[in-house]
Amino acid sequence: MSGGWREHLRPDGPGRIRISKHGSMKTDAVMVADMEHLQGHSDDRSPNQLVNTATLDGIVGNAWAMADWHFGYGFPIGGVVATDINSGNEGGAISPGGVGFDINCGVRLCALDITFNEIDTKALARRLADSIPAGATSKGGVLLDQTGIDLVLSEGANAAVEMGWGESRDLEMIESNGILETNERNLGERAKKRGSKSMGTLGSGNHFLELQVVDRVVDERAAKAFGIREGQITAMIHTGSRGLGHQVCSDHVANIEQNYIRKNNTWYAEKWDMEIPDRQLAAAPIFSKEGQDYFDSMSAAGNFAFANRSTLTQRLRNILRDEIRKDSDLEVIYDVSHNIAKIENHKVHGVSCECCVHRKGATRSLGGDHSELSPKFSGIGQPVLVPGDMGTASWVLSGPESGGNDAFSSSCHGAGRKLSRTAARNQIDSSELKLQLEQNGINVHTKTPNVLSEEAPDAYKDVDEVIRLTCEAGLARPVARMKPFAVIKG
């Protein structure tokens, strides 16, 4: 590996490696990794990106990379950065690259009170593939008129419930109760148009709907509180704000980036006196007009994503009620965001700080005494949902029993890629992979041929290793492991 950051690298306790502040960094950076893990993933672009994030105006604490870190747009995926909203005249930086293009991409885990032996797995997988809209298009989505899209953008999951695409009991089990506060919702017409027909669709790429069986419980007390038991069937939905969120991000990246000009080896915005090493980190002060416009539109797109996952959950409920015909209903265990920026209070070096916390490919990991959590998680911690790969397993972790971790109450969000999509397509044969998965009892249905090779198990890090490092680093603790048996992908 190359890169000047290596000269400033040192182990920093179990599961952690620290890159000391150097150059234009304003803080240290911490990677959730050990030296063996770092050597095994020798693409040094992600640590360089992490170092770059530590230069943002108003940054507090450390810049973090969760154990599933890999290369992204501006920020590494797995990046967590907090800026002080009271820094300077207009607050610390907010960067669209620190949220990502799929705003409020997230994961929802649901449970059924039945076991694996009670269902016909092949028939159910086929029915799901035929009935759940997936793929790059919006075909099969709920059609929303202007009033409908405005309701979704302002009320999130609750809007879906009002439209019959969700159940009110689900709301308590969604991060932020499925609604992010917005005022203007001043989205461009193209963004609204893209959202007007895509609610209730999975999308493509790494998005999926999986049916799983709980194959191991490692924390009985937490599992009982979450409503999980060994041998039980669970359903995991991974998707976000679809084309609407992508358009919102594209619009605001362009709006903020245009203020930056090349200055020697950096980019400089005279308007805010902000300097960044990579234009993809383009940021605005959070209380500037550009910062506020982005934050409000991001929150509106986040509401669309909550409504999207709610609609897909209801579609799944309807299919299961019809297909299984048992007195068993789908219960939402939890729904987490992993591409979002939020205003939160954290202690930084012992001092309370009101922060804008960017989590890009990272999820919250709240303690069991946090006021936002349902009472059922009191003394347990927030469910942290970590999808692995379609051939291995996914995990449910838990936040601390009380208090927060020092990564701004954050954890990993998945296994993390180790091969780019191009490399995976070049190395992995989709037909052979599908046969192999079926031999292992995993029924996979995809709309796009390339998706299988791009999303192959070999394209991802070992999820069990990612969980080990996350646990060793003190960010979350493992609760249960689930193996997939039916996978629907775009």
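What follows is calculated from the coordinates using simple rules that are stated; it is not laboratory data. Quantities reported herein were computed from a predicted structural model and do not represent experimental measurements. Using ideal geometry, Cβ is built from the backbone for each residue, glycine included, and neighbour counts are taken over all protein chains shown.
Figures for the structure shown
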{"quantity": "Calculated from backbone phi, Karplus (6.51, -1.76, 1.60) coupling profile of the range 6-18 in Hz, x at Gly/Pro", "calculated": "5, 5, 10, 8, 7, x, 9, x, x, x, 9, 10, 9"}
{"quantity": "Degrees between helix 242-257 axis and first principal axis of the chain (Cα, 0 to 90, nearest 10)", "calculated": "0"}
{"quantity": "Whether the range 345-441 is rounded, prolate or oblate, judged on the alpha carbon gyration tensor where a/c under 1.5 counts as rounded", "calculated": "oblate"}
{"quantity": "A134 long-range amide H proximity, modeled H, under 5 Å", "calculated": "L202"}
{"quantity": "Karplus-derived HN-Hα couplings along the range 187-200 (A = 6.51, B = -1.76, C = 1.60, θ = phi - 60°), whole Hz, x at Gly and Pro", "calculated": "7, x, 4, 5, 4, 5, 4, 5, x, 5, 9, 10, 5, x"}
{"quantity": "Cα gyration tensor shape for the range 1-122, rounded if a/c is under 1.5, else prolate or oblate", "calculated": "oblate"}
{"quantity": "Anchor K271: lysines whose Cα lies under 18 Å away (excluding residues fewer than 8 positions away in-chain)", "calculated": "K263, K289"}
{"quantity": "Prolate/oblate/rounded label for the range 285-341 (Cα gyration tensor, a/c 1.5)", "calculated": "prolate"}
{"quantity": "Candidate lysines for bridging to K461, where Cα separation is under 21 Å - those fewer than 8 sequence places away on the same chain excluded", "calculated": "K360, K418, K434, K483, K489"}
{"quantity": "Degrees between helix 146-155 axis and first principal axis of the chain (Cα, 0 to 90, nearest 10)", "calculated": "70"}
{"quantity": "Qualifying lysines (Cα of each under 24 Å from Cα of K376; at least 8 residues distant if same chain)", "calculated": "K224, K342"}
{"quantity": "Inter-probe distance in nm under a simple model that places probes 7 Å from Cα toward Cβ, at E230 and R216", "calculated": "1.2"}
{"quantity": "Long-range HN-HN contacts of G361 with modeled amide H, under 5 Å", "calculated": "G78, N339, I340"}
{"quantity": "Theoretical gain in end-to-end length, K139 to T115 [0.36 nm per residue, Cα-Cα removed]", "calculated": "5.4 nm"}
{"quantity": "For peptides 436-447, 358-369, 460-471, sequence by mean Cβ density within 10 Å, most packed first", "calculated": "358-369, 460-471, 436-447"}
{"quantity": "Amide H contacts of A67 (H built 1.01 Å from N, under 5 Å, at least 5 apart or other chain)", "calculated": "V32, C412"}
{"quantity": "The chain - mean residue ellipticity at 222 nm from DSSP helices (-39,500 (n - 2.57) per run, n ≥ 4, rounded to 500)", "calculated": "-8500 deg cm²/dmol"}
{"quantity": "Where labels lie 7 Å past Cα in the beta-carbon direction, separation of K21 and S131 in nm", "calculated": "5.6"}
